[in-house]
């Protein structure tokens, strides 16, 4: 399993990569491997401000659907067009490259200090064992 050290992680298996007052959010390598082949990603919250731990979308795999939770409070600026049904329609990018091309949303942080409370790569790796 791959857990990049420049990211922060949640117990719900989301990751966040902060760049100034914006950030990218996706699901971890562990999460995508547990879910299996992803077939659909739904995010209908673009333009909304979502509080930490609230649902911002769903990922659908062949056998199950899982909610996506905001790791920190923020405004959803963009849904990765490569994943969207109206764009590239390629949810498998998350399976192939969960920390790169498989990011799910770009957000503007409304409470940047919340990032510090998230798990480091080592803490997340210990949790998923």
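Observations
- (i) 137; (ii) 107; (iii) 90, with the label sought being that of the calculated volume of the Cα convex hull per residue in Å³: (iii)
- Build a GNM of the chain with springs between Cα atoms under 10 Å apart, and of 101, 63, 11 the one that fluctuates most is 63.
- GNM on the chain, alpha-carbon springs under 10 angstrom: the most fluctuating residue among 111, 51, 75 is 111.
- Virtual spin-label span in nm between residue 21 and residue 110, 7 Å along Cα→Cβ: 1.4 nm
- Computed E for residue 54/residue 77 - FRET, C-beta separation, R0 25 angstrom, nearest 0.05: 0.95
The numbers here are math on the coordinates, done by the rules we state, and not lab data. What you are looking at is a predicted structure, and each value in this text was computed from that prediction instead of being measured. Note that each Cβ is placed from the backbone with ideal geometry, even for glycine, and that neighbours are counted across all protein chains shown.
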